[in-house]
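Remarks on the structure that follows.
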Ligand code: AMP
C-alpha cells in the first residue's frame, strides 16, 4: 500500500497515519517529524528549516525533495509507505510522481482528511505531543491538573514550537493556498479519497479503511479481467 495523507494542520493526519501504518504494516513517514528531528540533532538542514517552520511557512521544495528521495529509497519502503505531510505543493507532487515512476512504483491513493479551519485551530492549540513516541493527545482528554505523561509509553508530553494560535492560523492559510491544489492534482489522477476528519478517531479511520479496501478490490478485479483477456 502506497499512500499520501492530505489535510490542513490539525486534521488528524499524524493520528490516522499511525493507525494505518499499524494496520497495513508500512512505515508512516512524517516530513514534519523528520525536520523536527533534524533540528533537535543540530543538523544544517534543521537549522535552515526551522526559520520557515517557526513562521508557519513551507520549507523550500528542493530541501523537501532531497529528504523524501532519500527516505523512500530505504529498504523498509520497498513494499509500501504512507507519507504524512508530503507533498504540500504542486512541484512536490510532481516530483513524487516522477520519483515513484523511476522506482517502478505508483501511489494507491491520496486520502484528504477534511476538517474546518475552526476545528483544526482548536485541536492544534489543545494538543500535546509525546517527546518519546510522537503520540498526539488532546490536553482536555488527560486527567485534570497534570503532571502529564504519555498514555501510550509514559514519555514526557510537550507542546510543539509551532503549535500556537498565530502560527496555526498561518499554517492553515498556507495550506489553503499552496496545498489545496495538490488535492485537485490527485483528483485528476483518480487517486483522491475525501474523508470526514471531524468524526471520532475510530470512525474516521474506518472510513479511510473502507475507501482503501474498495480501491483494492477494484484494482484486483481489473487485474482479473486483464488476466482473463490476456
Ligand atoms: P507538520 O508536522 O506536517 O505539521 O509540519 C510542520 C512544519 O514542517 C510545516 O509547517 C512546514 O514548515 C514544515 N514541513 C513539513 N512538511 C513539509 C513539506 N512537505 N513541504 C514544506 N514544508 C514542510
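Quick rundown of the values:
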item: Out of 10, 14, 32, sole residue that is near the ligand (Cβ under 10 Å from one of its atoms), under 16 Å from the mean Cα position of the chain (by Cα) and in a loop (DSSP other than H, G, I, E, B); result: 10
item: Members of the stretch 51-66 that are without any contact (Cβ under 8 Å) to a residue 60 or more places away in the chain and in a helix (DSSP H, G or I); result: 51, 52, 61, 62, 63, 64, 65, 66
item: From 64, 95, residue being within 8 Å of the ligand (Cβ to nearest atom), more than 25 Å from residue 137 (Cα to Cα) and either modelled with pLDDT of 95 or more or surrounded by fewer than 14 Cβ atoms within 10 Å (Cβ to Cβ) (or both); result: 64
item: Failed condition for residue 46, given (1) touching a residue at least 12 places away in the same chain (Cβ under 8 Å); (2) in a helix (DSSP H, G or I); result: (1)
item: In the stretch 153-175, residue nearest to the ligand (Cβ to nearest atom) [restricted to those that are out of contact with any strand residue (DSSP E or B) (no Cβ under 7 Å at 6 or more places or on another chain) and in a loop (DSSP other than H, G, I, E, B)]; result: 162
item: Any chance residue 30 is modelled with pLDDT of 95 or more, more than 23 Å from residue 215 (Cα to Cα) and buried (at least 17 other Cβ atoms within 10 Å of the Cβ); result: yes
item: The stretch 75-92: number of residues that are away from the ligand (no atom under 12 Å from the Cβ), in a loop (DSSP other than H, G, I, E, B) and in contact (Cβ under 8 Å) with a residue 24 or more places away in the chain; result: 2
item: Odd one out for residue 134, checked against (1) over 30 Å from residue 147 (Cβ atoms); (2) not in a helix (DSSP H, G or I); result: (1)
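Yes or no, residue by residue, for (1) on the phi > 0 side of the Ramachandran plot; (2) surrounded by 12 or more Cβ atoms within 10 Å (Cβ to Cβ); (3) touching a residue at least 24 places away in the same chain (Cβ under 8 Å); (4) out of contact with any helix residue (DSSP H, G or I) (no Cβ under 9 Å at 6 or more places or on another chain):
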| residue | (1), (2), (3), (4) |
| --- | --- |
| 101 | no, no, no, yes |
| 110 | no, yes, yes, no |
| 114 | no, yes, yes, yes |
| 118 | no, no, no, yes |
| 135 | no, yes, yes, no |
| 138 | no, no, no, no |
| 144 | no, no, no, yes |
| 168 | no, yes, yes, no |
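The values are calculated or read from the model by the stated rules, or taken from the named source; none is laboratory data. Please read these numbers as outputs of a predicted model, since none were measured by experiment. Note that each Cβ is placed from the backbone with ideal geometry, even for glycine, and that neighbours are counted across all protein chains shown.
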